[in-house]
Amino acid sequence: MRTYLPKEKEIVKKWWLVDAEGVTLGKLATEVARLLRGKHKPIFTPHLDTGDFVIVVNAEKVKVTGKKLDQKLYRSHSGYLGNLREFTLREMLQRHPEKVIEDAVWGMLPKNRLGRRLYRKLKVYRGPHHPHQAQKPEKYEIKG
């Protein structure tokens, strides 16, 4: 018995459209990471990119639980002394809601070349409109 490994040409990549409105951030991130990774397919192979493209819309309407809006911090540093910037989740959702979802998904992907390749297949948009109509994305429903 030989182990089947899918060839790069055999892997069919679909486009999924996920609506983030009213969905908990963590649940959204795990499902999106699962789709990007390809774990929903029977040909999943850990060291190959068997995943699909994911478009997330309505990023500004994502839901969080507890006191995370005021307690969760996002930090950025320019590299210069004294230039550490801290933003709460509430501020990030107002300024860059796409970044909140991208950071959550990035935390659930492998930290290597494969993870960076998977991350490039994630497209996140603030509102309900996106420029990927030509790819004919299918709706993916996330409960919660």
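What follows draws every value from the coordinates through simple rules; no lab data is involved. No experiment lies behind these values; they were computed from the predicted model shown. No Cβ is skipped: glycine too gets one built from the backbone with ideal geometry, and neighbour counts run over all protein chains shown.
If Rh is defined by the Kirkwood formula over all Cα pairs and Rg also comes from Cα, what ratio Rg/Rh do you get for the chain? Taking Rg over the Kirkwood Rh, I get 1.02.
Its DSSP H runs of at least 4 residues, each contributing -39,500 (n - 2.57), put the calculated 222 nm mean residue ellipticity of the chain at -7500 deg cm²/dmol, to the nearest 500.
Under 14 Å of direct C-alpha separation, and excluding same-chain neighbours fewer than eight residues apart, Lys41 reaches these aspartates and glutamates: Glu10, Glu31, Asp49, Asp52. The antiparallel fraction among DSSP beta bridges confined to segment 15-139 stands at about 30%.
Potential lengthening of the chain between Leu81 and Met1 amounts to 22.8 nm, from the contour at 0.36 nm per residue minus the alpha-carbon distance.
Measuring nothing but how far apart in sequence close Cα pairs (under 8 Å, 6+ apart) lie, relative to its length, the chain scores a relative contact order of 35 percent. Each principal axis of segment 43-102 carries a Cα extent, and these read 47, 30, 19 Å when sorted largest first. Using the Cβ of Arg85 as centre and a radius below 11 Å, the other residues enclosed give a net charge of -1, where K and R count +1 and D and E count -1.
Less than 5 angstrom separates the built amide H of Val124 from those of Val56, all sequence-distant by 5 or more or on a different chain. Here the peptides 117-130, 45-58 are ranked by packing, the mean other Cβ count within 10 Å, and the order with the highest first is 45-58, 117-130. Which pairs in the list Lys27/Lys68; Lys13/Lys63; Lys61/Lys99; Lys7/Lys121; Lys39/Lys63; Lys39/Lys99 are over 21 Å apart, alpha-carbon to alpha-carbon? Violating the 21 Å Cα-Cα cut-off are Lys13/Lys63; Lys39/Lys63; Lys39/Lys99.
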